[in-house]
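Heads up: the structure comes next, in structure tokens.
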Amino acid sequence: MSGNKLRLGVNIDHVATVRNARGGAYPDPVRAAILAEQAGADGITAHLREDRRHIVDADIEQLMDALSVPLNFEMAATEEMQQIALRHKPHAVCIVPEKREERTTEGGLEVAREENRLAHYIAPLRDAGCRVSIFVAAEQKQIEAAHRIGAEVVELHAGAFCDAHSEGRFDDRDREFEALRNMSSFAHSLGLEVHAGHGFTYDCVKPVAAFPEVMELNIGHFLIGEAIFQGLQPAIAEMRRLMDEARNG
Ligand SMILES: CC(=O)[C@@H](O)[C@H](O)COP(=O)(O)O
Ligand SMILES: NCC(=O)COP(=O)(O)O
């Protein structure tokens, strides 16, 4: 991924959701990834869930062959996913919590609860050259634990902030925003690279994009939705414009 500008990782999971609705071959998430690259995405994010509800193993194979920007491979901390990651050796892996019954990622990884296991789990991934990120809630104890286990990056779960904003719960939104801002600064003070993701829309991206410590935003569901109305490349270009506006004033 490029320099120290605020990078945009485009998550293409939900192109696969549409594809899988009919069990066919289109729309192709790999074609979406290539179009996203051409529209200015600095990286592509794909979440291979245990239940393969959207991205499937063949998508990861094809993305590894087709992409000229880095792949951020989201995965649960399972033996199966570790073997898949070690086989492909993507630029980055992001360890996320998963529950089969969830509709989408509901919270951050409870790193503090299983530090020893996760430290051993991520070591081979780091040794294989993958940049290891941990998807965490904006909580000090989780960020400290992510640092202790040897993660290089934390991705702050922005979902509570984004949901509160879109639902008009502005007191909740402001509280979540303060947590994100404080934990972005705290994570940076530990030497962690700071990312954020989950739930960003045009309306709520700028306040977090303005955090000077944040190096990357991973955004998917909203962009794929917007692509239905204005096309994927214009949707990405607008998100990029808003991110740049936030960062550069
Ligand atoms: C970890 C995260 O916030 C996103 O990658 C999200 O998981 C997208 O996938 P789902 O929509 O299946 O949760
Ligand atoms: N890690 C967050 C991500 O990849 C995209 O989340 P969303 O924008 O699909 O909610």
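Here is how the numbers come out for the structure above:
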{"read-out": "Filter result (aromatic (Phe, Trp, Tyr) and more than 17 Å from the chain's Cα centre (by Cα)) within the range 102-154", "value": "121"}
{"read-out": "Restricting the range 204-233 to residues that are more than 15 Å from residue 157 (Cα to Cα) and polar (S, T, N, Q), the residue that is nearest to the chain's Cα centre (by Cα)", "value": "233"}
{"read-out": "Per-region count, the range 138-160, residues in contact with a strand residue (DSSP E or B) (Cβ under 8 Å, 6 or more places away or on another chain), in contact (Cβ under 8 Å) with a residue 40 or more places away in the chain and open to solvent by less than 50 Å² (accessible area, probe 1.4 Å)", "value": "10"}
{"read-out": "Among the candidates 177, 222, residue that is open to solvent by 30 Å² or more (accessible area, probe 1.4 Å), away from ligand 2 (no atom under 13 Å from the Cβ), touching a residue at least 12 places away in the same chain (Cβ under 8 Å) and among the hydrophobic types (A, V, I, L, M, F, W, C)", "value": "177"}
{"read-out": "Given (1) open to solvent by 40 Å² or more (accessible area, probe 1.4 Å); (2) part of a helix (DSSP H, G or I); (3) within 16 Å of ligand 1 (Cβ to nearest atom); (4) not aliphatic (A, V, I, L, M), number of the condition residue 52 does not satisfy", "value": "(2)"}
{"read-out": "Positions within the range 89-117 being open to solvent by 30 Å² or more (accessible area, probe 1.4 Å) and within 26 Å of residue 65 (Cβ to Cβ), in sequence order", "value": "89, 91, 98"}
{"read-out": "Residue list for the range 180-189, filter: among the aliphatic types (A, V, I, L, M) and either loosely packed, with under 14 Cβ neighbours inside 10 Å or more than 12 Å from residue 161 (Cβ to Cβ) (or both)", "value": "187"}
{"read-out": "Top-ranked residue in the range 82-105 [being of a type outside the set (Asp, Glu) and farther than 20 Å from residue 218 by Cα; ranked as nearest to ligand 2 (Cβ to nearest atom)]", "value": "99"}
{"read-out": "Residues that are within 20 Å of the chain's Cα centre (by Cα) and either buried (at least 19 other Cβ atoms within 10 Å of the Cβ) or touching a residue at least 40 places away in the same chain (Cβ under 8 Å) (or both), drawn from the range 190-201", "value": "191, 192, 193, 194, 195, 196, 197, 198, 199, 200"}
{"read-out": "The lone exception for residue 171 - which of (1) open to solvent by 60 Å² or more (accessible area, probe 1.4 Å); (2) of a type outside the set (Gly, Ala, Ser); (3) touching a residue at least 12 places away in the same chain (Cβ under 8 Å); (4) more than 14 Å from ligand 2 (Cβ to nearest atom) it fails", "value": "(3)"}
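The values are calculated or read from the model by the stated rules, or taken from the named source; none is laboratory data. Quick caveat: nothing in here was measured; it's all calculated off a predicted structure. Using ideal geometry, Cβ is built from the backbone for each residue, glycine included, and neighbour counts are taken over all protein chains shown. Heads up: the accessible areas ignore ligands, DNA and RNA and are worked out on the full protein's heavy atoms, side chains in. Shrake-Rupley method; radii C 1.70, N 1.55, O 1.52, S 1.80 Å.
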